[in-house]
Amino acid sequence: MHPLERAAQKLLNDILKVKRDEVVCVTCDFEGDLKFAQKLCETAHKISAKPLLLYTASPPHVGRAGEDYLPKHPLRSALLQADVWIELNMKWLLYSSIYEDVVKTNRVRYMCLVGMNEDMAIRCIGRVNVPLLLEFQRRLRDLTKNTKSMRYTTPAGTDVTFENDPKRPVLVEGDVNGPGEYMLIGQVDWAPLEETIEGVIVFDGSVTPPYELGLLHSPIKLKIKAGRVQEISGEREARIYESWLKSFNDPNMFSLAHISYGCNPGAKLCGNVLEDERVWGCLEWGLGNQSDTFKAKSIKASSHSDGVTLRPTLYADSETLIKDGEYVHPQLVELARKIKDDWETSKKF
Ligand SMILES: [Fe+2]
(Lines give C-alpha, C1' and ligand atoms only; values in the text may rest on other atoms or scores of the structure.)
Protein backbone atom coordinates (compact mmCIF):
# COMPACT_ATOMS: atom_id res chain seq x y z
CA MET A 1 0.00 0.00 0.00
CA HIS A 2 1.27 3.51 -0.82
CA PRO A 3 2.36 5.31 2.40
CA LEU A 4 -0.06 8.18 1.71
CA GLU A 5 -2.97 5.77 1.39
CA ARG A 6 -1.91 4.16 4.67
CA ALA A 7 -1.98 7.60 6.32
CA ALA A 8 -5.46 8.27 4.90
CA GLN A 9 -6.68 4.88 6.04
CA LYS A 10 -5.35 5.32 9.58
CA LEU A 11 -6.90 8.75 9.83
CA LEU A 12 -10.30 7.56 8.62
CA ASN A 13 -10.42 4.13 10.26
CA ASP A 14 -8.27 4.22 13.41
CA ILE A 15 -8.70 7.87 14.41
CA LEU A 16 -12.02 9.15 13.05
CA LYS A 17 -13.69 5.70 13.08
CA VAL A 18 -15.57 6.40 9.86
CA LYS A 19 -18.48 4.03 9.24
CA ARG A 20 -20.19 2.86 6.07
CA ASP A 21 -22.36 5.53 4.38
CA GLU A 22 -21.09 8.35 6.59
CA VAL A 23 -20.57 11.66 4.79
CA VAL A 24 -16.91 12.70 4.97
CA CYS A 25 -16.33 16.33 3.94
CA VAL A 26 -12.77 17.41 3.26
CA THR A 27 -12.16 21.15 2.99
CA CYS A 28 -9.02 22.33 1.24
CA ASP A 29 -7.96 25.68 -0.16
CA PHE A 30 -5.44 26.66 -2.85
CA GLU A 31 -2.65 26.67 -0.21
CA GLY A 32 -3.64 23.30 1.28
CA ASP A 33 -2.39 19.88 0.15
CA LEU A 34 -4.85 18.86 -2.56
CA LYS A 35 -3.11 15.52 -3.12
CA PHE A 36 -3.76 14.43 0.47
CA ALA A 37 -7.33 15.77 0.25
CA GLN A 38 -7.94 13.66 -2.85
CA LYS A 39 -6.35 10.60 -1.23
CA LEU A 40 -8.65 11.00 1.77
CA CYS A 41 -11.69 11.09 -0.53
CA GLU A 42 -10.57 8.05 -2.54
CA THR A 43 -9.88 6.12 0.66
CA ALA A 44 -13.22 7.12 2.18
CA HIS A 45 -14.91 5.78 -0.97
CA LYS A 46 -12.97 2.50 -0.66
CA ILE A 47 -14.31 1.97 2.84
CA SER A 48 -17.88 2.65 1.62
CA ALA A 49 -18.21 6.10 3.14
CA LYS A 50 -19.43 9.08 1.05
CA PRO A 51 -16.65 11.63 0.45
CA LEU A 52 -17.17 15.24 -0.59
CA LEU A 53 -14.20 17.48 -1.41
CA LEU A 54 -14.84 21.21 -0.93
CA TYR A 55 -11.97 23.01 -2.66
CA THR A 56 -11.93 26.81 -2.41
CA ALA A 57 -9.63 29.74 -3.08
CA SER A 58 -7.65 30.86 -0.03
CA PRO A 59 -9.24 33.86 1.66
CA PRO A 60 -6.91 36.66 2.83
CA HIS A 61 -7.75 36.00 6.50
CA VAL A 62 -8.47 33.02 8.75
CA GLY A 63 -11.57 32.13 10.78
CA ARG A 64 -14.49 34.55 10.92
CA ALA A 65 -12.53 37.30 9.13
CA GLY A 66 -12.04 35.09 6.09
CA GLU A 67 -15.45 33.58 5.48
CA ASP A 68 -16.96 36.52 3.55
CA TYR A 69 -14.40 35.79 0.83
CA LEU A 70 -15.64 32.19 0.52
CA PRO A 71 -18.85 30.72 -0.94
CA LYS A 72 -20.02 30.50 2.64
CA HIS A 73 -23.67 29.49 2.09
CA PRO A 74 -22.93 26.33 0.07
CA LEU A 75 -20.01 25.55 2.38
CA ARG A 76 -22.23 25.89 5.44
CA SER A 77 -25.01 23.76 3.90
CA ALA A 78 -22.66 20.93 3.03
CA LEU A 79 -20.78 20.94 6.33
CA LEU A 80 -23.98 21.06 8.38
CA GLN A 81 -24.91 17.71 6.89
CA ALA A 82 -21.53 16.02 7.26
CA ASP A 83 -20.74 13.26 9.74
CA VAL A 84 -17.01 13.92 9.55
CA TRP A 85 -15.22 17.13 8.52
CA ILE A 86 -11.49 17.13 7.90
CA GLU A 87 -10.07 20.63 7.53
CA LEU A 88 -6.93 20.85 5.38
CA ASN A 89 -7.33 24.56 4.56
CA MET A 90 -4.28 26.65 5.26
CA LYS A 91 -6.64 29.60 5.88
CA TRP A 92 -8.72 27.79 8.46
CA LEU A 93 -12.45 27.88 9.05
CA LEU A 94 -11.96 26.93 12.71
CA TYR A 95 -13.85 29.47 14.92
CA SER A 96 -15.65 30.97 11.89
CA SER A 97 -19.46 31.27 12.05
CA ILE A 98 -19.64 28.25 9.71
CA TYR A 99 -17.56 26.22 12.17
CA GLU A 100 -19.66 27.39 15.11
CA ASP A 101 -22.92 26.46 13.36
CA VAL A 102 -21.52 23.04 12.50
CA VAL A 103 -20.37 22.38 16.07
CA LYS A 104 -23.82 23.36 17.40
CA THR A 105 -25.45 20.52 15.47
CA ASN A 106 -23.52 18.10 17.69
CA ARG A 107 -23.29 15.57 14.88
CA VAL A 108 -19.94 16.28 13.24
CA ARG A 109 -16.56 14.84 14.16
CA TYR A 110 -14.30 17.75 13.14
CA MET A 111 -10.58 17.12 12.67
CA CYS A 112 -8.35 20.19 12.39
CA LEU A 113 -5.34 19.42 10.20
CA VAL A 114 -4.48 22.96 9.15
CA GLY A 115 -0.93 22.92 7.75
CA MET A 116 -0.91 19.17 7.04
CA ASN A 117 0.87 18.02 3.90
CA GLU A 118 1.61 14.71 2.26
CA ASP A 119 5.01 14.18 3.87
CA MET A 120 3.74 15.09 7.32
CA ALA A 121 0.67 12.85 6.95
CA ILE A 122 2.94 9.89 6.21
CA ARG A 123 5.30 10.61 9.15
CA CYS A 124 2.82 11.80 11.78
CA ILE A 125 -0.13 9.50 11.00
CA GLY A 126 0.74 6.78 8.46
CA ARG A 127 3.79 5.42 10.30
CA VAL A 128 2.38 5.81 13.79
CA ASN A 129 0.99 2.92 15.86
CA VAL A 130 -2.21 4.87 16.62
CA PRO A 131 -3.71 2.70 19.41
CA LEU A 132 -0.37 2.60 21.29
CA LEU A 133 0.15 6.33 20.96
CA LEU A 134 -3.36 7.08 22.23
CA GLU A 135 -2.74 4.76 25.20
CA PHE A 136 0.51 6.66 25.88
CA GLN A 137 -1.33 9.99 25.69
CA ARG A 138 -4.00 8.74 28.14
CA ARG A 139 -1.27 7.71 30.60
CA LEU A 140 0.32 11.15 30.26
CA ARG A 141 -3.10 12.70 30.94
CA ASP A 142 -3.65 10.58 34.06
CA LEU A 143 -0.17 11.29 35.44
CA THR A 144 -0.68 15.01 34.84
CA LYS A 145 -4.13 15.08 36.43
CA ASN A 146 -2.68 13.39 39.52
CA THR A 147 0.15 15.90 39.83
CA LYS A 148 -0.19 19.03 41.91
CA SER A 149 3.11 20.81 41.37
CA MET A 150 5.31 20.77 38.31
CA ARG A 151 8.68 22.25 37.54
CA TYR A 152 10.74 22.00 34.41
CA THR A 153 14.09 23.14 33.15
CA THR A 154 15.76 23.09 29.73
CA PRO A 155 19.38 23.43 28.58
CA ALA A 156 18.43 26.81 27.04
CA GLY A 157 17.55 28.21 30.46
CA THR A 158 13.87 27.50 31.11
CA ASP A 159 13.13 27.10 34.81
CA VAL A 160 9.43 27.40 35.50
CA THR A 161 7.05 26.12 38.18
CA PHE A 162 3.25 25.82 38.20
CA GLU A 163 0.35 23.97 39.81
CA ASN A 164 -2.47 21.98 38.25
CA ASP A 165 -6.15 22.04 39.13
CA PRO A 166 -7.47 18.45 39.20
CA LYS A 167 -10.89 19.71 38.08
CA ARG A 168 -9.53 21.05 34.78
CA PRO A 169 -9.35 18.61 31.84
CA VAL A 170 -6.09 17.34 30.37
CA LEU A 171 -6.83 16.90 26.66
CA VAL A 172 -5.71 13.83 24.72
CA GLU A 173 -5.54 15.20 21.17
CA GLY A 174 -6.78 12.91 18.43
CA ASP A 175 -8.75 10.59 20.76
CA VAL A 176 -12.06 10.74 18.88
CA ASN A 177 -15.19 9.79 20.80
CA GLY A 178 -18.34 11.09 19.16
CA PRO A 179 -19.07 14.56 17.76
CA GLY A 180 -16.68 17.39 18.65
CA GLU A 181 -13.48 19.24 17.80
CA TYR A 182 -10.34 17.15 17.45
CA MET A 183 -6.67 17.82 16.67
CA LEU A 184 -3.80 15.72 15.35
CA ILE A 185 -2.54 12.84 17.53
CA GLY A 186 0.68 13.23 19.51
CA GLN A 187 -0.20 16.08 21.80
CA VAL A 188 -1.60 16.33 25.34
CA ASP A 189 -2.49 19.79 26.60
CA TRP A 190 -4.01 21.57 29.56
CA ALA A 191 -4.18 24.90 31.36
CA PRO A 192 -2.28 25.01 34.67
CA LEU A 193 -3.53 27.43 37.35
CA GLU A 194 -2.55 30.69 35.68
CA GLU A 195 -1.61 32.61 38.85
CA THR A 196 0.85 29.87 39.93
CA ILE A 197 3.05 29.98 36.80
CA GLU A 198 6.37 31.56 37.82
CA GLY A 199 9.90 31.63 36.46
CA VAL A 200 11.60 31.73 33.08
CA ILE A 201 10.49 30.14 29.79
CA VAL A 202 12.96 30.08 26.91
CA PHE A 203 11.53 29.33 23.47
CA ASP A 204 14.35 27.64 21.54
CA GLY A 205 12.44 25.52 18.98
CA SER A 206 9.92 27.59 17.11
CA VAL A 207 7.34 30.30 17.62
CA THR A 208 4.23 30.81 15.47
CA PRO A 209 2.68 33.28 14.87
CA PRO A 210 4.11 35.77 13.95
CA TYR A 211 4.71 33.94 10.68
CA GLU A 212 8.00 35.74 10.07
CA LEU A 213 9.45 33.73 12.99
CA GLY A 214 8.72 29.98 12.83
CA LEU A 215 12.01 28.11 13.37
CA LEU A 216 14.16 30.07 15.82
CA HIS A 217 17.82 30.90 15.24
CA SER A 218 18.26 32.45 18.68
CA PRO A 219 16.31 31.81 21.89
CA ILE A 220 13.50 34.04 23.16
CA LYS A 221 13.51 34.41 26.96
CA LEU A 222 10.24 35.19 28.74
CA LYS A 223 10.19 36.21 32.40
CA ILE A 224 6.90 35.00 33.91
CA LYS A 225 5.10 36.24 37.01
CA ALA A 226 1.65 34.93 38.02
CA GLY A 227 1.04 33.50 34.54
CA ARG A 228 1.91 36.66 32.65
CA VAL A 229 4.95 37.64 30.58
CA GLN A 230 6.76 40.46 32.37
CA GLU A 231 9.79 40.82 30.16
CA ILE A 232 11.06 39.48 26.82
CA SER A 233 14.78 39.33 26.07
CA GLY A 234 17.08 37.89 23.42
CA GLU A 235 18.24 38.95 20.01
CA ARG A 236 16.42 40.13 16.88
CA GLU A 237 13.74 37.41 17.01
CA ALA A 238 12.89 38.32 20.61
CA ARG A 239 12.35 41.93 19.54
CA ILE A 240 10.13 40.82 16.64
CA TYR A 241 8.09 38.70 19.03
CA GLU A 242 7.71 41.46 21.60
CA SER A 243 6.62 43.97 18.93
CA TRP A 244 4.10 41.49 17.53
CA LEU A 245 2.59 40.82 20.98
CA LYS A 246 2.45 44.56 21.70
CA SER A 247 0.91 45.36 18.28
CA PHE A 248 -2.50 44.10 19.45
CA ASN A 249 -2.63 46.66 22.25
CA ASP A 250 -4.20 43.89 24.30
CA PRO A 251 -2.68 43.02 27.70
CA ASN A 252 -4.14 39.51 27.49
CA MET A 253 -1.74 38.69 24.66
CA PHE A 254 0.88 38.43 27.46
CA SER A 255 -1.05 35.74 29.38
CA LEU A 256 -0.07 32.09 29.29
CA ALA A 257 -3.05 30.11 27.98
CA HIS A 258 -1.91 26.46 28.04
CA ILE A 259 1.00 24.05 28.07
CA SER A 260 1.34 20.91 25.90
CA TYR A 261 3.42 17.75 25.76
CA GLY A 262 4.69 16.81 22.31
CA CYS A 263 4.68 13.05 21.71
CA ASN A 264 4.28 12.28 18.02
CA PRO A 265 7.18 9.96 17.08
CA GLY A 266 7.16 11.24 13.48
CA ALA A 267 7.15 14.97 14.19
CA LYS A 268 10.28 16.97 13.46
CA LEU A 269 11.06 20.59 14.08
CA CYS A 270 10.42 22.30 10.74
CA GLY A 271 8.73 25.64 11.37
CA ASN A 272 5.20 24.28 10.89
CA VAL A 273 3.42 24.69 14.22
CA LEU A 274 1.13 21.69 13.64
CA GLU A 275 4.23 19.49 13.68
CA ASP A 276 6.61 21.49 15.89
CA GLU A 277 4.34 21.39 18.93
CA ARG A 278 4.23 17.58 18.64
CA VAL A 279 7.99 16.96 18.55
CA TRP A 280 8.68 14.01 20.84
CA GLY A 281 9.51 15.12 24.39
CA CYS A 282 9.12 18.88 23.84
CA LEU A 283 6.96 21.16 25.95
CA GLU A 284 5.07 23.97 24.31
CA TRP A 285 3.29 27.05 25.70
CA GLY A 286 0.39 28.95 24.19
CA LEU A 287 0.08 32.69 24.80
CA GLY A 288 -2.98 34.87 24.36
CA ASN A 289 -6.48 33.60 23.70
CA GLN A 290 -7.41 30.64 25.88
CA SER A 291 -9.80 28.10 24.34
CA ASP A 292 -12.95 27.30 26.35
CA THR A 293 -12.10 23.60 25.97
CA PHE A 294 -9.51 23.99 28.76
CA LYS A 295 -12.30 24.87 31.21
CA ALA A 296 -9.90 27.38 32.76
CA LYS A 297 -10.29 31.17 32.95
CA SER A 298 -11.20 31.42 29.22
CA ILE A 299 -8.95 34.48 28.88
CA LYS A 300 -10.02 36.25 25.71
CA ALA A 301 -7.31 37.88 23.61
CA SER A 302 -6.90 39.22 20.09
CA SER A 303 -4.76 36.32 18.90
CA HIS A 304 -2.84 33.24 20.04
CA SER A 305 0.76 32.17 19.63
CA ASP A 306 2.59 28.92 20.41
CA GLY A 307 6.25 28.56 21.41
CA VAL A 308 8.28 25.35 21.70
CA THR A 309 10.87 24.55 24.39
CA LEU A 310 13.24 21.66 23.64
CA ARG A 311 14.85 18.89 25.73
CA PRO A 312 12.98 19.63 28.97
CA THR A 313 13.45 17.83 32.26
CA LEU A 314 10.05 17.80 33.96
CA TYR A 315 9.43 17.06 37.62
CA ALA A 316 5.89 16.06 38.58
CA ASP A 317 5.57 16.37 42.38
CA SER A 318 8.42 14.11 43.56
CA GLU A 319 8.82 12.13 40.31
CA THR A 320 10.69 12.79 37.09
CA LEU A 321 8.38 12.51 34.09
CA ILE A 322 10.68 13.72 31.30
CA LYS A 323 14.48 13.79 31.37
CA ASP A 324 16.33 15.78 28.73
CA GLY A 325 13.46 15.38 26.23
CA GLU A 326 12.74 11.70 26.87
CA TYR A 327 9.80 10.24 28.77
CA VAL A 328 11.35 8.35 31.70
CA HIS A 329 8.47 7.81 34.14
CA PRO A 330 8.00 4.07 34.93
CA GLN A 331 4.44 4.18 33.55
CA LEU A 332 5.64 5.68 30.26
CA VAL A 333 9.13 4.46 29.52
CA GLU A 334 8.31 1.04 28.01
CA LEU A 335 5.40 2.30 25.95
CA ALA A 336 7.53 5.21 24.72
CA ARG A 337 10.21 2.79 23.53
CA LYS A 338 7.62 0.59 21.74
CA ILE A 339 6.01 3.57 19.99
CA LYS A 340 9.39 4.78 18.72
CA ASP A 341 10.48 1.26 17.68
CA ASP A 342 7.22 0.71 15.77
CA TRP A 343 7.66 4.01 13.98
CA GLU A 344 11.24 3.09 12.93
CA THR A 345 10.10 -0.36 11.76
CA SER A 346 7.26 1.13 9.72
CA LYS A 347 9.80 3.01 7.56
CA LYS A 348 10.70 -0.34 5.96
CA PHE A 349 7.20 -0.85 4.55
FE1 LIG B 1 -1.80 26.90 21.43
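The values are calculated or read from the model by the stated rules, or taken from the named source; none is laboratory data. These figures come from a predicted structure and were not determined experimentally. Cβ placement follows ideal geometry from the backbone for every residue including glycine, while neighbour counts extend to all protein chains displayed.
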> Considering only residues of the range 5-31 that are assigned to a helix (DSSP H, G or I) and more than 21 Å from the chain's Cα centre (by Cα), which is surrounded by the fewest Cβ atoms within 10 Å (Cβ to Cβ)?
Replying inline: Glu5
>> Tally up the residues in the range 269-317 that are within 11 Å of the ligand (Cβ to nearest atom), of a type in the set (A, V, I, L, M) and closer than 20 Å to Ile224 by Cα, please.
In response: 2
>> Criterion first (among the charged types (D, E, K, R), under 22 Å from Asn272 (Cβ atoms) and not in a helix (DSSP H, G or I)) does Glu212 satisfy it?
In response: yes
> Which numbered condition trips up Lys225, out of (1) of a type outside the set (Ser, Thr, Tyr); (2) surrounded by fewer than 20 Cβ atoms within 10 Å (Cβ to Cβ); (3) touching a Leu at 6+ places or on another chain (Cβ under 8 Å)?
Replying inline: (3)
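Determine which member of the set Pro169, Pro192 is within 16 Å of the ligand (Cβ to nearest atom), of a type outside the set (S, T, N, Q) and crowded, with 21+ Cβ neighbours inside 10 Å. Break it down stepwise before answering.
Numbers: Pro169 fails: crowded, with 21+ Cβ neighbours inside 10 Å.
It is Pro192.
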> Picking from Ala267, Ala238, Ala257, which residue would you name as being part of a loop (DSSP other than H, G, I, E, B) and either crowded, with 18+ Cβ neighbours inside 10 Å or not β-branched (Val, Ile, Thr) (or both)?
Replying inline: Ala267
> Which ones in the range 170-190 are among the hydrophobic types (A, V, I, L, M, F, W, C) and more than 11 Å from the chain's Cα centre (by Cα)?
Replying inline: Val170, Val176, Trp190
> Does at least one position in the range 109-116 carry a residue that is part of a helix (DSSP H, G or I), outside the structural domain of Cys270 (by TED's automatic domain parsing), surrounded by 15 or more Cβ atoms within 10 Å (Cβ to Cβ) and of a type in the set (Val, Ile, Thr)?
Replying inline: no
>> For the range 296-332, give me the residue count where each residue is assigned to a loop (DSSP other than H, G, I, E, B) and surrounded by 14 or more Cβ atoms within 10 Å (Cβ to Cβ).
In response: 13
